[in-house]
């Protein structure tokens, strides 16, 4: 195997302009270790393509909620529940680096502020585009939105299929996982919580 210790040195020319280590050497070694020939035509550019793919799929590490929201907060004109449902997300299981994907449903009861609707999907991507577990991702989305909006209540439910269960291990293709995070009125008031759960069915 190639010695890749030098790739961890920020002074190395293989580091890019923002200080990230080039991964194509590591991916080349991985492919070779799996028994493939990286010099054959179909794999010649695969290490570079995989690196670009992984950079995109984990771009949440370089994102932050404040920049994503970018001032799209407005004065609330009421206090009725707002529900944004079926937000698609794609993430990577941190245990096997296989994808899990599904939808997020978010609701909140405004106090003084409301948020531009497209920003809910962008906030979800900040946390989905990382190596994750679904339970933590759901809580992170809820915590971030609660911090920004300071609402009377906030709820996040995610539903996902995990390829680490579908392609390997128990190989159960029909399985899915639901996680939830309830804050404020959604946690304390069963009727409010039920209204939200009915809305996302």
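Of note:
- Criterion applied to 155, 104, 181 was being buried (at least 16 other Cβ atoms within 10 Å of the Cβ), within 21 Å of residue 74 (Cα to Cα), in the same structural domain as residue 71 (by TED's automatic domain parsing) and in contact with a strand residue (DSSP E or B) (Cβ under 6 Å, 6 or more places away or on another chain), and the one residue passing it is 155.
- Every test in (1) over 26 Å from residue 159 (Cα atoms); (2) touching a strand residue (DSSP E or B) at 6+ places or on another chain (Cβ under 9 Å) is passed by residue 52 save one, and that test is (2).
- Some residue of the range 123-142 being surrounded by 15 or more Cβ atoms within 10 Å (Cβ to Cβ), under 20 Å from the mean Cα position of the chain (by Cα) and without any contact (Cβ under 8 Å) to a residue 24 or more places away in the chain: yes
- Qualifying residue in the range 102-110 (condition: more than 20 Å from the chain's Cα centre (by Cα) and not in a strand (DSSP E or B)): yes
- If you check 16, 37 for being modelled with pLDDT of 95 or more and either surrounded by fewer than 16 Cβ atoms within 10 Å (Cβ to Cβ) or not assigned by TED's automatic domain parsing to the domain that holds residue 172 (or both), only one passes: 37.
- Selection within the range 90-123 - more than 21 Å from residue 151 (Cβ to Cβ) and in contact with a helix residue (DSSP H, G or I) (Cβ under 7 Å, 6 or more places away or on another chain): 90, 91, 92, 93, 95, 96, 98, 99, 100
- Restricting attention to the range 74-92 and to residues that are without any contact (Cβ under 8 Å) to a residue 40 or more places away in the chain and outside any strand (DSSP E or B), the residue that is surrounded by the most Cβ atoms within 10 Å (Cβ to Cβ) turns out to be 76.
- The numbered conditions (1) within 19 Å of residue 64 (Cβ to Cβ); (2) crowded, with 16+ Cβ neighbours inside 10 Å; (3) touching a strand residue (DSSP E or B) at 6+ places or on another chain (Cβ under 9 Å) are all true for residue 150 except (2).
- Out of 114, 141, sole residue that is assigned by TED's automatic domain parsing to the domain that holds residue 85, at pLDDT 95 or above and in a helix (DSSP H, G or I): 141
The values are calculated or read from the model by the stated rules, or taken from the named source; none is laboratory data. The structure displayed is predicted, hence computed values, not measured ones. Every residue, glycine among them, receives a Cβ derived from its backbone with ideal geometry; neighbour counts consider all protein chains shown.
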